[in-house]
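K.L.:
Have a look at the structure that comes next, please.
The values are calculated or read from the model by the stated rules, or taken from the named source; none is laboratory data. All values derive from a computational prediction rather than experimental measurement. Here the Cβ positions follow ideal geometry from the backbone for every residue, glycine too, while neighbour counts run over all protein chains shown.
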Amino acid sequence: MTIRTTKRSPGEVTWMDLSTPDLVAAKKFYQQVFGWAYQDTGQAFGHYNMAQTQQHNAAGMAQMDSGAQMPSAWTIYFSSDDAAADAQRVKALGGQVLMDAMVVGDTGAMAICADPTGAVFGLWQAKEHIGANIVGEHGSMAWWEVNTRDLVAARDFYNKLFDLTPHKMEGMEYYTMQRGEEMICGVLQMDENWANIPPHWMGYFGVDDTDAAVERATAAGGIVGVPAFDMPYGRMAVIVDPFGAAFSIVQPPQA
């Protein structure tokens, strides 16, 4: 089990959270898929919920405002030492700032941005909330990649913004973005098979059994976006929850 008790270095993925139009129903869905328990942070924080696995914070969930124009989606957050300054750097590198940096009580500060290709991501400047306390386990974050229609632009943007070095994967239009030997995230070139899906960040949650998790998700009202398939990095699938938010799952390969 990988447990984090200190904040991550700038440019590392630190958190994922879901904006959903029906928090009660979404909590039930993900509880059935991952076995999550929840901690409600209270009225002061809009009843933002911490989703927990093995009693550790794994992800967040929030009720969308009525009349919100954005679709339900998972957002990934990169660690930042200064969210306001990094948001300005996003603009200088050709991206957009969709929500200026704002303080979230004593927990930290956040900003929502989009890269030059249109993929949305967050910045999180940690104080009391350091991000996910557990990673790489069933029901916790396992990987993240941006799916984009301009691989070169996205690759160069994250390279400059977070000082991540790109490494091309042989035989694929895919780069891993690394800091030394550590793989931080991926960049994938979208092709005609993606139809009208816009550029986006995709987060992966670890599972003990991909096929069983897919069965639980469909039984709970989810849709299979991409059926389970095997890769050298594990058995994967893409799921769409009952409110349209997509996420991936991955069962690590057997040792």
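K.L.:
Based on this model, can you work out whether Tyr158 counts as touching a Leu at 6+ places or on another chain (Cβ under 8 Å), closer than 15 Å to Ser79 by Cα, outside the structural domain of Leu93 (by TED's automatic domain parsing) and of a type outside the set (Lys, Arg)?
P.N.:
When the stated conditions are applied, Tyr158 passes them.
K.L.:
Still on this structure, I have one more. Among the numbered criteria (1) touching a helix residue (DSSP H, G or I) at 6+ places or on another chain (Cβ under 8 Å); (2) loosely packed, with under 12 Cβ neighbours inside 10 Å, which single criterion is violated by Gly221?
P.N.:
(2)
K.L.:
Val207 passes all but one of (1) touching a strand residue (DSSP E or B) at 6+ places or on another chain (Cβ under 6 Å); (2) surrounded by fewer than 21 Cβ atoms within 10 Å (Cβ to Cβ); which number fails?
P.N.:
Status for Val207: all satisfied but (2).
K.L.:
Hey, another quick one. Looking at Val187, Val250, can you tell me which residue is outside any helix (DSSP H, G or I), at pLDDT 95 or above and farther than 20 Å from Phe78 by Cα? Don't jump to the end; show me each part of the working.
P.N.:
Values: Val187 fails: farther than 20 Å from Phe78 by Cα.
Among Val187, Val250, only Val250 is outside any helix (DSSP H, G or I), at pLDDT 95 or above and farther than 20 Å from Phe78 by Cα.
K.L.:
Kindly indicate the residue of segment 125-165 that is more than 30 Å from Asp208 (Cβ to Cβ) and among the small types (Gly, Ala, Ser) and also surrounded by the most Cβ atoms within 10 Å (Cβ to Cβ) among those meeting that condition.
P.N.:
This residue is Ala154.
K.L.:
Could you tell me which residue of segment 1-33 is nearest to Glu215 (Cα to Cα), considering only residues that are hydrophobic (A, V, I, L, M, F, W, C) and part of a strand (DSSP E or B)?
P.N.:
Among those that are hydrophobic (A, V, I, L, M, F, W, C) and part of a strand (DSSP E or B), it is Leu18.
K.L.:
Looking at Gln69, is it among the polar types (S, T, N, Q) and assigned to a strand (DSSP E or B)?
P.N.:
When the stated conditions are applied, Gln69 does not pass them.
K.L.:
What are the residues in segment 85-144 that are β-branched (Val, Ile, Thr) and over 29 Å from Ala237 (Cβ atoms), if any? Let's see the steps before the verdict.
P.N.:
Of all residues in segment 85-144, those β-branched (Val, Ile, Thr) come to 90, 97, 103-104, 107, 112, 117, 120, 130, 134-135.
Val90, Val97, Val103, Val104, Thr107, Ile130, listed by residue number.
K.L.:
Is it the case that segment 167-182 has a residue that's closer than 24 Å to Thr2 by Cα, among the basic types (Lys, Arg) and surrounded by fewer than 17 Cβ atoms within 10 Å (Cβ to Cβ)? Let's see the steps before the verdict.
P.N.:
First pass over segment 167-182, keeping only residues closer than 24 Å to Thr2 by Cα: 176-182.
If we keep only those that are among the basic types (Lys, Arg) too, we end up with 179.
Adding the requirement that they be surrounded by fewer than 17 Cβ atoms within 10 Å (Cβ to Cβ) leaves 179.
For segment 167-182, residues closer than 24 Å to Thr2 by Cα, among the basic types (Lys, Arg) and surrounded by fewer than 17 Cβ atoms within 10 Å (Cβ to Cβ): present.
K.L.:
Still on this model: Find the strands (runs of 3 or more DSSP E) located wholly in segment 75-184 whose residues include 1 or more that are over 21 Å from Tyr204 (Cβ atoms) and not β-branched (Val, Ile, Thr), and list them.
P.N.:
On the way: elements: 96-104, 108-114, 120-126, 141-148, 165-168, 174-179.
Result: 96-104, 108-114, 120-126.
K.L.:
Only residues in segment 78-106 that are closer than 25 Å to Arg155 by Cβ count as the first member; pair them with residues that are among the acidic types (Asp, Glu) and not in a strand (DSSP E or B), Cβ under 6 angstrom, at least 6 apart or cross-chain, and list the lot.
P.N.:
Ser79/Glu12; Ser80/Asp86; Gly95/Asp115
Let's see how each residue does on (1) of a type in the set (A, V, I, L, M); (2) in the same structural domain as Ser140 (by TED's automatic domain parsing); (3) in a strand (DSSP E or B); (4) over 19 Å from Glu137 (Cα atoms):
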{"residue": "Thr218", "(1), (2), (3), (4)": "no, yes, no, yes"}
{"residue": "Val224", "(1), (2), (3), (4)": "yes, yes, yes, yes"}
{"residue": "Asp230", "(1), (2), (3), (4)": "no, yes, yes, no"}
{"residue": "Met236", "(1), (2), (3), (4)": "yes, yes, yes, no"}
{"residue": "Phe243", "(1), (2), (3), (4)": "no, yes, no, yes"}
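K.L.:
Next question, about the same structure. Of all residues in segment 190-212, which are touching a residue at least 12 places away in the same chain (Cβ under 8 Å) and either in a strand (DSSP E or B) or among the polar types (S, T, N, Q) (or both)?
P.N.:
His200, Trp201, Met202, Gly203, Tyr204, Phe205, Gly206, Thr210
K.L.:
Filtering segment 145-176 down to residues that are of a type in the set (Ser, Thr, Tyr) and within 19 Å of Tyr233 (Cβ to Cβ), which residue is nearest to the chain's Cα centre (by Cα)?
P.N.:
Going residue by residue through segment 145-176, those that are of a type in the set (Ser, Thr, Tyr) are 148, 158, 165, 174-176.
From what's left, within 19 Å of Tyr233 (Cβ to Cβ): 174-176.
Working: Tyr174: 18, Tyr175: 17, Thr176: 16 Å.
Filtering segment 145-176 for residues that are of a type in the set (Ser, Thr, Tyr) and within 19 Å of Tyr233 (Cβ to Cβ), the one nearest to the chain's Cα centre (by Cα) comes out as Thr176.
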